[in-house]
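One structure is given here, and the rest of the page talks about it.
The values are calculated or read from the model by the stated rules, or taken from the named source; none is laboratory data. Owing to the predicted nature of the structure, the values given are computational and were not obtained by experimental measurement. Counting neighbours? That spans all protein chains shown, and the Cβs are built from the backbone with ideal geometry, glycine included. Areas reflect the complete protein model, heavy atoms only, side chains present, ligands, DNA and RNA absent. Shrake-Rupley method; radii C 1.70, N 1.55, O 1.52, S 1.80 Å.
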Amino acid sequence: MSWTWCNGDFFDGPLAVSPTDRGLTNGLGLFETVLAIGGSPLALDLHLARLNAGAARLGWEVDAGEIALAIPGLLDRCGLAQEGTRARVRIAITAGAGDLRDLARGVGALAWITAFASPVPPESLSLVTATFPRNERSPLAGLKCASYAENLFALDAARRAGADEPLFYNTRGDLCESATMNVFVVKDGVALTPPLSSGCLPGTMRERVICQIPVREADLTAEDITSADEVFLSSAIRGVVPVSAIDGRLIPTGPVAERLRRTAWDRWT
């Protein structure tokens with residue numbers, strides 16, 4: 001069933017979006033992807049906090065409480081509330097109609113939620129270095145923005161290269177993130193991850209990993225990747241996933257990623 005929640009109501013079927021909505025025509029919007037298990041969204045407080053922070057940067061206000069209350073009902077309508085069922089919940093807000101010189105939300109602005117079954121995370125992922133950098137000075141850096149074509153371009157290039165994800169460096173040559181996940185490097189038993197100043201997204205699972213084990217934020221380079229004992233990625237939907245290869249070079253799965261993979265994230269909030 002293709003239920004959608006939008007602006008306070010549930011709809012069974014396609015959602016109509018105005019062609020004047022700048023979220024559709026210009027990518028002016030924000031989104032969150034939340035893992036739900038058995039009808040319960042995980043770390044929803046972190047996702048809504050990030051959504052609120054992103055909205056504040058754009059000068060918007062979001063009714064996070066209304067969104068939180070709508071999710072269980074949507075999961076139930078979609079048949080995704082059964083025990084053990086994994087679901088990918090997507091929250092999106094758009095700018096609506098308005099002057100292109102003004103970021104303010106206008107007529108027809110939407111807040112909607114969709115939910116679909118989510119597969120079991122992969123055992124590992126392979127990476128290929130992206131052919132273009134992340135711009136850590138971009139006004140969109142750190143925003144989970146609806147303007148996502150750059151990521152899709154990099155994901156398509158990774159697929160054509162036989163890899164799962166692109167690995168981004170920023171304009172300074174420092175390690176940043178993959179297209180959809182944060183990156184961690186383990187050297188001599190110490191877990192390292194790029195700081196938010198690298199331009200990476202402040203991932204909710206990144207935050208949970210940092211709270212679970214000792215992690216040091218550091219500016220990292222390609223040399224750090226080459227000399228790493230292990231590399232792993234994190235995301236809200238996939239959790240922690242070891243990296244098996246980068247640019248065709250095999251990387252062994254290490255104890256830090258394995259320990260994190262055994263963590264019961266659905267019971268650790």
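Quick notes on this one:
- Global geometry of the range 106-189, whether rounded, prolate or oblate, following the gyration tensor of its Cα atoms and the 1.5 cut on a/c: oblate
- In this simple spin-label model, placing a label point 7 Å from the Cα along the Cα-to-Cβ direction at both Arg172 and Asp188 gives a separation of 2.2 nm.
- Alpha carbon centroid spacing (whole Å) that separates the range 73-137 from the range 1-23: 14 Å
- The share of Cα pairs per 10 Å bin across the range 1-82, counted from zero up to the longest distance, runs 16, 43, 36, 5 percent.
- With all protein chains kept in place, the per residue accessible area of the chain amounts to 47 square angstrom at a probe of 1.4 angstrom.
- What a 1.4 Å probe finds exposed on the chain is 55% carbon and sulfur by accessible area, rounded to a whole percent.
- Gap separating the Cα centres of the range 249-269 and the range 40-65, nearest whole Å: 27 Å
- FRET efficiency, 1/(1 + (r/R0)^6) with R0 35 Å, evaluated for Thr25 and Ser227 via beta carbons: 0.15
- Applying 0.36 nm per residue to the separation of Ser124 and Ser147 and subtracting their alpha-carbon distance, the gain on full extension is 5.5 nm.
- Using the alpha carbons alone, the radius of gyration of the chain stands to its Kirkwood radius in an Rg to Rh ratio of 0.97.
- Pairwise label distance in nanometres, Ser40 with Ala161, each label 7 Å out on the Cα-Cβ vector: 4.0 nm
- Reference-scaled alpha-carbon Rg (2.2 N^0.38 Å with N residues) for the range 36-119: 1.22
- Residues of the range 184-200 with amide N under 17 Å of a point placed 7 Å along Cα→Cβ from Arg216: 184-196
- Cα-based helix-to-principal-axis angle, 44-58 vs the chain, degrees rounded to 10: 80 degrees
- Distance between the modelled labels on Asp247 and Arg259, one decimal in nanometres: 3.0 nm (7 Å Cα→Cβ projection).
- Sites listed here are trypsin sites (Lys or Arg not before Pro) in the range 40-119 whose DSSP assignment is loop and whose Cβ has at most 13 other Cβ atoms within 10 Å: Arg101.
- Taking the empirical scaling 2.2 N^0.38 Å for compact globular proteins as reference, the range 130-269 has a Cα radius of gyration ratio of 0.99.
- Space enclosed by the convex hull of the alpha-carbon atoms of the range 49-89, per residue, Å³: 83 Å³
- Between Ala68 and Ser2, the contour length at 0.36 nm per residue exceeds the alpha carbon distance by 21.8 nm.
- Angle in degrees between helix 149-160 and the longest Cα principal axis of the chain, rounded to the nearest 10: 50 degrees
- Amide H contacts of Lys187 (H built 1.01 Å from N, in plane; Pro and chain starts excluded): Leu192, Asp229 sit under 5 Å, all sequence-distant by 5 or more or on other chains.
- Set of the range 88-109 residues, backbone N closer than 13 Å to the point 7 Å along the Cα-Cβ line of Glu61: 105
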